[in-house]
Structures are given as structure tokens and as C-alpha cells.
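Derivation of every value follows stated rules applied to the coordinates shown; laboratory data play no part. Here the structure is a predicted model, which means the values were calculated and not measured. Reconstructed Cβ throughout: ideal geometry from the backbone, glycine too, with neighbour counts over all protein chains shown.
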Amino acid sequence: AIYNNMKQFIRYLISSNIGEVVSIFLTAALGLPEALIPVQLLWVNLVTDGLPATALGFNPPDLDIMEKPPRKSDESLISGWLFFRYMAIGGYVGAATVGAAAWWFMFSPEGPQLNYYQVTHHLQCIGGGPEFKGVDCHVFHDPHPMTMALSVLVTIEMLNAMNSLSENQSLITMPPWSNLWLIASMALSFTLHFVILHVEILSTVFQVTPLNGDEWMTVMKFSIPVVLLDETLKFTARKITDVGEPVKDTWAK
């Protein structure tokens, strides 16, 4: 159980950090306005991530732990399949984070409803041109898109922490309340996130702003699929990639 909890701790932090790297890469590669700034990333890594990561050390043993054979002495901590899972989850985290910021620019009823060209060529706005006719260039400095991106990142990472309750067991068989420390850490992380959104001096420092109900619904729509993705990967692991010999057959040898 200690070994598995260590793997889940590593898995949670690596996949989350991959997501942050992917979000920065996509923003630069697509020419989008900055989705996250350094102080926001620092906040996520030091505060928001840290609490659930620590709570994962209190995960209960997997339900099928006694059915698994002993680990081989040369077994690696991170297998090829596990690395693929890190990349898949991290890739979605990054894409959803950037997508939430782009959604505000292009589709939000409260946003400017720009087209893709205008968003990806935002640096040309000040110079004018027919493509930016009627566009207020100050909209690219609005805190809403960064708040959307940060809120999606925080929410996804909380859901990713729930995914990390077990390497291969579904949330149906190992629900979040099997680790109450994790629930408490998630609640505290969300509380701290709401504090920086609603306390004026902190919202100025972090360049964020409160979101309305529709925007929070969009945050959830971008975030919840990470659970479905990980459940699919866990199902694949249980049925295909991580199927080993039954423990009784192993001991018989």
C-alpha cells in the first residue's frame, strides 16, 4: 500500500505538471493571449497541488491488493503504459486549460466573441487593420480568460487527485470518501481558490476576477472529462495491459 501510494503521489504531480507545460506550449504555438502567468503557476504548484498530493499518502489499499502477485525486484516505478497515461492526462489538462481561455474570447456571452484569427493574431490588434475593425484591443488584457484557465486547471487537478485514489480501481469501487483527508484537502484548495478570486487585493495580485454561474458551468464542462478519460485508461489497464498471473498460480510456482 505504501508503494502504491507513492506511485499515485508521483502520478498526480507528474500528470498535473505535464498539463501546465502543455498549456504554456499550446499558448505559444497557437499565438494565443497568455492563459496563465508565473504567479498563478506558482500558486497552483505550491498551494493548490500540494494539499491533495499530501493527502494521497492516506489512500487505503486497493481492494484487490491480496490478489496481486509480489512485485519483481527489477520492476520499474514508471512503465511505458504508465508514462502514456501521464501524457494522456497531462495533454488533456493543458488543452482544457487553454481551451477555457479561448472559449471566453470566442464564445462567452460576456466576452468579445472574436473569431479564431483575431484571437491568434491579437498582437496585431494595436496596429489596426480590417480584421480588427470594431475590436477594443483592451479586451486582450481582461482578467476573465486567465481566470477561466486558472479555474479549469485547479478544478481538473482536484478531479485528477480523485483519479489518483487508485492506480487501476474505478471511482465506483473506490469512491472519493474512502480517503477523507483527500476530500478535506480538496475543499481547502477550492476555498483558497475562491479567496483569491473574491478578495480584491489578492485578485489584483493574481490578475483574476470572480466568475458568474454560466462561466463556472463551462469550467465544469471542460474539467469533468478528465475523470471519464482516466476511467477509460483504468479499464484498459484492468482488462489488457496490467493483467498478470493470479496470485495463487504465482505462489504455486
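Things worth noting here:
- Per-residue ³J(HN,Hα) for the range 166-175, Karplus 6.51 cos²θ - 1.76 cosθ + 1.60, θ = phi - 60°, Hz, x for Gly and Pro: 8, 5, 10, 7, 5, 5, 6, 8, 10, x
- Proxy reagent accessibility, fewest Cβ within 10 Å first, across 151, 170, 185, 79: 79, 170, 185, 151
- Estimated distance in nm for a label pair at residue 138 and residue 224, the labels positioned 7 Å out from Cα along Cα-to-Cβ: 3.7 nm
- What you get for the range 72-207, charging only the Cβ of Lys and Arg (+1) and of Asp and Glu (-1), is a dipole of about 160 debye around the Cα centre.
- Residue of 155, 54, 209 that the Gaussian network model of the chain assigns the largest fluctuation, springs spanning Cα pairs under 10 Å: 54
- Angle in degrees between helix 213-223 and the longest Cα principal axis of the chain, rounded to the nearest 10: 40 degrees
- Computed log₁₀ I(q)/I(0) - Debye formula, equal Cα scatterers, no solvent, the range 116-241, q 0.17 Å⁻¹: -0.95
- Across the range 140-155, rounded Karplus estimates of 3J(HN,Hα) from the backbone phi angles (6.51 cos²θ - 1.76 cosθ + 1.60, θ = phi - 60°) give 6, 10, 5, x, 4, x, 5, 5, 4, 4, 5, 5, 5, 4, 5, 5 Hz, Gly and Pro being marked x.
- Ordered by the count of other Cβ atoms within 10 Å of each Cβ, fewest first, 125, 137 give 137, 125.
- P(r) weight above 20 Å for the range 143-205, C-alpha pairs, percent: 37 percent
- Exposure proxy shown here: for 93, 119, the number of other Cβ atoms within 10 Å sets the order, fewest to most, as 119, 93.
- Farthest toward positive dipole pole in the chain [+1 Lys/Arg, -1 Asp/Glu at C-beta], among 121, 199, 155: 155
- Calculated on C-alpha atoms, the gyration radius of the chain divided by its Kirkwood radius gives an Rg/Rh of 1.06.
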